[in-house]
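Before any comments, here is the structure.
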Amino acid sequence: MLSTIKATLTTINSIAIVAVSIAVLAFSIKVHEALYLESVKTDFSPLSENISNDLIKFINTEQPDIFGITSTLLRLEGYENVKYAVVLSPTYQTIQFYAGKAIEEKTADEIMAQTEFSRFQSGMSIDGNNLIAMRPIGEKTLPLGHFLIVNDLAKPLKQSKLDLLSSTLPLVLMVMLTAVLILRWLNTKMLSPFSSLARLARKIKQTNDYTIQIDVDGKKEVQDLSSEFSSMMETIHSEEVKNKKYTVQLMKQRKDMERLANFDTLTGLPNRLSFMEKLQSQLKSAFIQGENPALFYIDLDGFKDVNDTYGHDLGDSLLKHVSKRIQTHLNERDIIARLGGDEFVVLIVETLNEQKIKDKATVFIKELSSTFKLDDWEVQVSASIGIAYAESGDFQVGQVVTNADLAMYRAKLDGKDTYRLFTEDLMEVNRRKLAIANSLSNAIKNDEFTLYYQSKVNHARRIVGFEALIRWTNEELGFVGPDEFINIAEKSGKIHQITQWVIKQCCQDINYLRKLYGSEIVLSLNLSSFDLKIPSLADHISALFEAHSVPAHCIEFEVTESAYLENFDEANAFFERIKQIGCTIALDDFGTGYSSLSYLTQIKIDTLKIDKQFVDKLGVSKRNTLVTKTIIELAKQLNLMICAEGVETSEQAEFLLNAGCNTLQGYYFDKPQPLETLADHAQATKTNPLQTGS
Ligand code: C2E
Ligand code: CA
Ligand code: CA
């Protein structure tokens with residue numbers, strides 16, 4: 001940069017010097033020209049005057065003396081630049097013509113024919129390239145004739161200018177050169193502090209070392225500039241140190257972010273997002289290379305129980321151990337990830353035949369079902385595994401994962417602690433699920449739901465209540481049981497509408513039921529765990545009660561123990577409101593989810609519904625019979641009502657009533673039936689209480 005400035009400065013100054021020199025030269029030539037003309041004029045004027053005087057004596061006769069005139073004119077021979085001279089009569093007739101050395105190509109006759117001599121004024125004048133002298137011969141007022149000399153100016157002037165240039169130019173050039181050299185030297189001297197700065201800047205650029213200090217001598221401004229430069233360098237240096245620190249911090253943060261974005265913080269395994277990306281590229285290259293990797297979808301059985309029983313810390317620790325145990329059976333190319341919760345996926349990259357894949361699954365199942373020793377506890381879980389080959393899902397990430405998931409779901413349905421390989425028929429299940437989810441949207445609008453009522457009897461075998469159970473018949477799907485569609489409705493976000501429909505229907509039917517079976521009967525309806533999360537539900541219920549004049553104490557809400565405990569705080573708040581309204585609450589399917597009974601003291605229920613599983617095994621398993629008895633005892637001590645469901649035999653009924661159950665429900669007494677048949681049913685049971693199962 002600085003060298004450019006220097007070069008530019010030198011160039012500008014040199015141009016200036018050359019320009020000035022040329023201007024001076026041009027001016028001096030101009031002056032020289034003027035001086036030359038003046039000198040020619042002064043030389044010429046006396047010559048013309050002398051000759052015209054000398055001509056008097058040759059013309060002042062009757063006949064002009066041509067000889068005398070010619071010899072006088074010959075004096076002009078000594079003058080290089082005379083073009084011609086003419087002796088004219090008083091009326092400007094040519095008497096004698098003299099052609100000089102500088103005459104042009106024209107002949108004397110041509111000149112005389114073309115030139116109007118009378119137009120030249122007397123005295124010296126310049127006409128184009130000619131210096132002209134016109135003199136009267138004799139008295140000015142009465143001349144004897146006229147004498148004209150035309151002298152060439154162009155050639156001698158040119159020659160004179162050349163002479164001038166040749167004599168002055170070397171000097172001018174020398175002066176110019178000296179000036180340019182002096183200027184260069186001055187520039188260099190003036191710019192040297194800047195050059196030092198520039199050199200320093202170049203060095204910093206090359207070394208990136210901002211600690212280099214500058215020391216430049218020079219004028220005050222330059223010194224000021226230098227010190228400013230130094231302080232700027234210090235700032236840059238300290239900024240650079242800061243920047244380095246920030247960069248290190250940023251790199252660390254970026255790594256952390258990457259880890260957070262791509263890895264599961266608990267197990268350190270890739271998370272869903274990064275697994276899906278990896279899977280995508282693996283499937284793509286497998287397809288190209290004709291490979292067929294297998295995807296394992298591993299879901300723990302009973303993980304929730306571990307969390308609830310031992311706490312989340314132990315649950316977390318279990319997940320870490322599960323991840324390690326799976327990894328011990330993988331080779332380097334295989335990919336493992338945690339999808340969330342207790343779900344893991346493994347991609348076995350090498351193409352293995354079905355038997356080898358099954359062997360691998362058996363190893364995982366065995367590994368995960370052996371006891372985990374965590375914090376002095378011995379924890380037992382198992383795993384359900386679904387397996388899908390890449391080919392089964394056309395090497396499409398989404399489809400392969402869905403297939404493995406479906407197979408895993410099948411493994412769960414088939415009793416857990418096992419694996420299933422994806423087969424096409426599982427797709428059917430999925431398709432049906434989708435069809436159900438789709439058809440549910442219009443089920444209410446199309447009036448496809450009905451409520452069936454199953455009676456509950458007391459120790460005197462009199463009907464004291466009913467459970468409302470939903471039924472759905474769809475044109476395309478036919479009859480769909482609640483066990484199948486409630487779950488799908490929950491997952492597809494449609495359960496809330498269904499619950500509202502059920503509540504409304506119950507509100508419409510309760511007074512009819514009261515009429516048939518007495519005003520004290522209680523109608524129970526089922527709530528899903530999703531319903532407990534809707535804060536406005538209690539208000540909605542209360543508004544419906546008012547609209548349909550429903551006595552609140554005639555309505556009971558059943559909620560499964562898992563639904564209650566999974567939403568413990570929300571459920572407590574909701575049931576508090578329900579109790580304020582005046583309804584009762586039953587804990588459904590008791591005994592299927594949680595083995596701990598301690599929470600029974602903390603929740604706001606009125607009735608415990610013993611699950612059909614316990615009832616089924618009464619009299620079959622001694623231990624089970626004892627457990628059932630204990631549950632009933634405990635519930636009584638907690639002042640809870642006890643209802644046993646799924647009662648199918650008189651022995652079961654007998655046992656349960658003797659053990660202290662308040663109400664019984666089951667096929668032994670009644671199957672669920674539509675409202676329309678209840679009038680007859682009521683008539684029949686009035687006279688003949690349910691004893692033998694009608
Ligand atoms: P749940 O609440 O435990 O209802 C009892 C289920 O056991 C009913 O099946 C009933 O028909 C059946 N059952 C009753 N006594 C016997 C018996 O002696 N033997 C046998 N084998 N079964 C008996 P259902 O109606 O198919 O309902 C199944 C489940 O669907 C219900 O189990 C409940 O969880 C759910 N559900 C039914 N209706 C509704 C509803 O309106 N809303 C909600 N959220 N869930 C409902
Ligand atoms: Ca129920
Ligand atoms: Ca139940």
Handout entry: Convex hull per residue volume in Å³, alpha carbons only, for region 476-605
Key = 130
Completion exercise
When every protein chain stays in place and a 1.4 Å probe is rolled, T607, T450 sorted by accessible area with the largest first are T450, T607
Practice task
Determine the order of W377, W501, W472 by accessible area, beginning with the largest, at a probe radius of 1.4 Å.
Solution key: W377, W501, W472
Fill in the blank from the handout: Quick calc, T178 & I126: beta-carbon distance into FRET formula, R0 35 Å, rounding 0.05, result 0.35
Exercise for the section: Output the antiparallel fraction of DSSP beta bridges having both residues in region 392-531, as a percent to the nearest 5. Expected result: 75
Practice task
With viscosity set to 0.890 mPa s and temperature to 25 °C, compute the Stokes-Einstein D of the chain, Rh being the Kirkwood radius across alpha carbon pairs; µm²/s, no decimals.
Solution key: 64
Exercise for the section: In whole angstrom, note down how far apart the Cα centers of region 495-556 and region 426-472 are. Expected result: 15
Exercise for the section: May I ask you to compute the full-extension gain from I103 to F568, defined as 0.36 nm times their residue separation minus their alpha-carbon distance, rounded to one decimal in nm? Expected result: 154.0 nm
Exercise for the section: On the protein heavy atoms, probe 1.4 angstrom, tell me the percent of accessible surface of the chain carried by carbon and sulfur. Expected result: 54
Exercise for the section: Would you mind computing the Rg to Rh ratio of region 546-621 from its alpha-carbon coordinates, Kirkwood style for Rh? Expected result: 1.05
Exercise for the section: Could you run the Debye sum over the Cα atoms of region 386-466, one equal point scatterer each and no solvent, and tell me log10 of I(q)/I(0) at q = 0.10, 0.13 Å⁻¹, two decimals? Expected result: -0.47, -0.63
Practice task
Calculate, in nm to one decimal, what R254 and A26 gain on full extension: separation in residues at 0.36 nm each, minus their alpha carbon distance.
Solution key: 74.6 nm
Handout entry: Cβ-defined net charge surrounding L165, 14 Å radius [Lys, Arg +1; Asp, Glu -1]
Key = +1
Practice task
Could you calculate the FRET efficiency of F479 with D414 from 1/(1 + (r/R0)^6), where r is the beta carbon distance between them and R0 is 30 Å, rounded to 0.05?
Solution key: 0.80
Problem - Which of D224, D375 is most accessible, then next, and so on - probe 1.4 Å - result: D375, D224
Completion exercise
Cβ-Cβ cut-off under 14 Å around L352, Lys and Arg +1, Asp and Glu -1: the net charge is -2
Fill in the blank from the handout: Flagged as over-length at 26 Å C-alpha distance, from K579/K686; K278/K324; K284/K358; K445/K686; K205/K242, the pairs are K579/K686; K445/K686
Handout entry: Added length on full extension, which subtracts the Cα-Cα distance from 0.36 nm per residue, M427 to L142
Key = 88.3 nm
Handout entry: Charge tally in the Cβ shell below 14 Å around E110, where Lys, Arg are +1 and Asp, Glu are -1, E110 excluded
Key = -2
Problem - Stokes-Einstein diffusion coefficient of region 256-403, Kirkwood radius over Cα pairs, 37 °C, 0.692 mPa s, in µm²/s - result: 207
Exercise for the section: Report, in deg cm²/dmol and to the nearest 500, the calculated mean residue ellipticity at 222 nm for the chain, where each DSSP H run with n ≥ 4 adds -39500 (n - 2.57) and the sum is divided by the residue count. Expected result: -18000 deg cm²/dmol
Handout entry: the chain - share of DSSP beta bridges that are antiparallel (%, nearest 5)
Key = 70
Completion exercise
Each label sits 7 Å from Cα toward the beta-carbon; between E350 and F117 the label points are separated, in nm, by 13.2
Handout entry: Per-pair calculated FRET efficiency, R0 = 45 Å: K373 and Q280 via Cβ, rounded to 0.05
Key = 0.75
Exercise for the section: May I ask for the angle, rounded to the nearest 10°, between helix 154-207 and the longest principal axis of the chain, with both axes built from Cα atoms and the value confined to 0 to 90°? Expected result: 20
Practice task
List the lysines whose Cα lies under 18 Å from the Cα of K622, skipping any in the same chain that are fewer than 8 positions away.
Solution key: K612
Practice task
May I ask you to give the solvent-accessible area per residue for the chain, in square angstrom, as obtained with a 1.4 angstrom probe?
Solution key: 55
Problem - Within straight-line cross-link reach of K617, lysines at Cα separation under 18 Å, skipping those fewer than 8 residues along the same chain - result: K609, K629
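The values are calculated or read from the model by the stated rules, or taken from the named source; none is laboratory data. This one's a predicted model, so the numbers in the text were calculated from it and none came from an experiment. Cβ: placed from backbone, ideal geometry, glycine included. Neighbour counts: every protein chain shown. Side chains are part of the model used for accessible areas, which takes the heavy atoms of the whole protein and leaves out ligands, DNA and RNA. Shrake-Rupley method; radii C 1.70, N 1.55, O 1.52, S 1.80 Å.
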